[in-house]
Amino acid sequence: MLPGYHASWCPAKKVRVRKAAAVPYTIAEPCVDVLDKACIEECPVDCIYEGGRMLYIHPDECVDCGACEPVCPVEAIFYEDDVPDQWNDYVSANVDFFVELGSPGGAAKLGKVDYDPPFIKALPPMGEH
């Protein structure tokens with residue numbers, strides 16, 4: 001099963017369907033090309049991974065503690081119910097980042113991953129370096 005998804009039985013269709021599971025926290029547009037990493041230092045379970053242009057929270061590894069949200073200097077981290085409408089695509093991008101990566105069990109041992117989902121990769125340059 002893909003990270004951030006769960007399977008459930010659909011009796012009407014007599015098949016298993018894959019649905020997006022809850023993503024406790026999402027990192028959105030203000031992080032693109034900024035990658036401050038204060039959230040990485042604060043995360044007690046090492047579930048924030050570094051992609052090519054932004055950071056991503058692993059939906060299965062996050063324990064929903066919220067430690068990352070207040071330390072983000074660009075206010076890019078949102079609780080699942082608080083993601084602004086204009087940034088809803090970032091919820092999917094956070095899940096999509098882990099489709100091929102899977103669940104490595106911690107960002108520190110993996111290091112930077114030179115990958116971003118197509119949606120993020122296609123964005124114009126943003127933020128500060």
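The values are calculated or read from the model by the stated rules, or taken from the named source; none is laboratory data. Predicted, not measured: the structure shown is a model, and the values here were computed from it. We place every Cβ from the backbone using ideal geometry, glycine too, and count neighbours over all the protein chains shown. Please note that ligands, DNA and RNA were not included when accessible areas were found on the heavy atoms of the full protein model with its side chains. Shrake-Rupley method; radii C 1.70, N 1.55, O 1.52, S 1.80 Å.
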Query - Gain upon complete extension [Gln86, Lys112; 0.36 nm per residue less C-alpha separation] - result: 6.7 nm
Requested in this report: For the stretch 54-116, give the magnitude of the charge dipole about the Cα centre (Cβ charges: +1 Lys/Arg, -1 Asp/Glu; no others), in debye to the nearest 20.
Outcome: 400 debye
Report task. List the aspartates and glutamates whose Cα lies under 20 Å from the Cα of Lys109, skipping any in the same chain that are fewer than 8 positions away. Result -> Asp36, Glu41, Glu42, Asp46, Glu50, Asp60, Glu61, Glu100
**Report entry** For Leu101, solvent-accessible area (1.4 Å; no DNA, RNA or ligand), Å²
**Finding:** 50 Å²
Report summary line: With the charge dipole of the stretch 64-105 built from beta-carbon charges (+1 for Lys and Arg, -1 for Asp and Glu) about the Cα centre, the Cα from Asn94, Cys65, Gly105 projecting farthest to the positive end belongs to Gly105
